[in-house]
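Enquirer: Before I ask anything, here is the structure I am working with.
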Amino acid sequence: KGAIMAGLEYKSKNKDTVFEVMYYGEALFGLIEDEDLIELVELAKEAGVRILACENAIEKLEIDKAKLPSNVEFVSNSFIYFFGLQELGYRVMSV
């Protein structure tokens, strides 16, 4: 939740900021079970904060993608995605 809230704050100050929040591992369950988080995901959509989810983790944890919020975007492997961003010079933080 904190990462999305930070993204909302950043985007409110600078609309051109690219801010993405990646969900992988057990945290993915929050996107289908935590009502407060789901509400924040909707706010993120409106503000232009991208919410990403790792397809490898979704598959391993047997999560039904259809149950995730509609604005969640998917990457095949979150770690490869992170490494790619770092190679391009983006700042990446994991919490």
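The values are calculated or read from the model by the stated rules, or taken from the named source; none is laboratory data. Note that the structure is predicted; figures quoted are calculated from it, not measured. When we count neighbours, we look across all protein chains shown, and the Cβ atoms used for this are built from the backbone with ideal geometry, even at glycine. We work out accessible area using only protein heavy atoms, side chains counted, and drop any ligands, DNA or RNA first. Shrake-Rupley method; radii C 1.70, N 1.55, O 1.52, S 1.80 Å.
Enquirer: Looking at the structure I just gave you, is Val75 open to solvent by less than 50 Å² (accessible area, probe 1.4 Å) and in contact with a Phe, Trp or Tyr (Cβ under 7 Å, 6 or more places away or on another chain)?
Expert: So Val75 fits the description; yes.
Enquirer: Enumerate the pairs (first residue in the stretch 56-84 and assigned to a helix (DSSP H, G or I) and hydroxyl-bearing (Ser, Thr, Tyr); second residue anywhere and open to solvent by 60 Å² or more (accessible area, probe 1.4 Å) and at pLDDT 95 or above) with beta-carbon separation below 7 Å, excluding pairs fewer than 6 apart on the same chain, so at least 6 apart or on different chains.
Expert: The qualifying pairs are Ser78/Tyr24.
Enquirer: Here's a follow-up. How many residues does the stretch 44-70 contain that are modelled with pLDDT of 95 or more and loosely packed, with under 14 Cβ neighbours inside 10 Å?
Expert: 8
Enquirer: Residues being outside any loop (DSSP other than H, G, I, E, B), open to solvent by less than 50 Å² (accessible area, probe 1.4 Å), out of contact with any strand residue (DSSP E or B) (no Cβ under 6 Å at 6 or more places or on another chain) and at negative phi: count how many of those fall in the stretch 11-26.
Expert: The qualifying residues number 1.
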